[in-house]
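All remarks here apply to the structure that follows.
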Amino acid sequence: MPAPEPTPAPPAAPRPSWWRPALLIALLGAAAGSLLLWSPTELLSGGLADRMPWYWFGPLFALVYAVATVAFVPRPALNAAAGLLLGIQQGVLLAVLGTTLGAALAFGLGRGLGRDALRPYLRGKVLGALDRRFTEQGFRSVLVLRLLPGMPFQAVNYGAAFSGARFRPFVLGTAVGSVPTTAVYVTAAASSGEPGSAAFLLSAGVIALLGLGTVAGLWRAARTRRRTTAA
């Protein structure tokens, strides 16, 4: 009686390509390092707003803002520049547009260069829950994270990119969720010449509350982590 043929082994899972995340890290490092050679706020405030018509300067401002966020320039500084250069209405509009463009650019880089390599590591209990939330409730999840004070801008961008979040809900959640904090910083900068005005006092008060909320959130997270470690 002939011996049964051996069952063929299942094909091995393809190994993730690490050149893509390496390229992503190199690009982000180059973008951050380029700030040693140029300053987004100095570029925009160097008289361009006076020499260029609105229909050219507006898109240029939004583009420089977007690239600056990818280079890890803090958004409060960019929002302050928008308020000083453009005033409240135009400043808020272009700062939100630049924020959305920068988030979309970071999302595209993370999704195209880092997701396949990092996806196998999203299997833990916490990471898996975050991945499912981004996938199933992309707009709501991004909206809430954009509204939270102190939430790192790029952490949300790449967290969504590495998860199963879809592009359109991510962009919409960013555009809507970034309006409140952007408006506060732009208004504070635009009205800084009149420190006694209601606009400045209100925006400065909200910024102080956002700072206190950030500190309280960090303290609460550290306390929860200590309790979890002790248990």
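The values are calculated or read from the model by the stated rules, or taken from the named source; none is laboratory data. Model, not experiment: these values are computed from the prediction. Positions of Cβ are generated from backbone atoms using ideal geometry, with glycine treated the same way; all protein chains shown enter the neighbour counts. Side chains are part of the model used for accessible areas, which takes the heavy atoms of the whole protein and leaves out ligands, DNA and RNA. Shrake-Rupley method; radii C 1.70, N 1.55, O 1.52, S 1.80 Å.
Structure values in brief
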{"item": "Restricting segment 131-155 to residues that are touching a residue at least 40 places away in the same chain (Cβ under 8 Å) and assigned to a helix (DSSP H, G or I), the residue that is farthest from residue 110 (Cα to Cα)", "result": "153"}
{"item": "Filter result for residue 182 (modelled with pLDDT of 90 or more and within 11 Å of the chain's Cα centre (by Cα))", "result": "no"}
{"item": "Selection status of residue 84, in a helix (DSSP H, G or I), open to solvent by 60 Å² or more (accessible area, probe 1.4 Å) and at pLDDT 90 or above", "result": "no"}
{"item": "Selection from segment 49-75 of residues that are among the aromatic types (Phe, Trp, Tyr), open to solvent by less than 40 Å² (accessible area, probe 1.4 Å) and modelled with pLDDT of 90 or more", "result": "61, 65"}
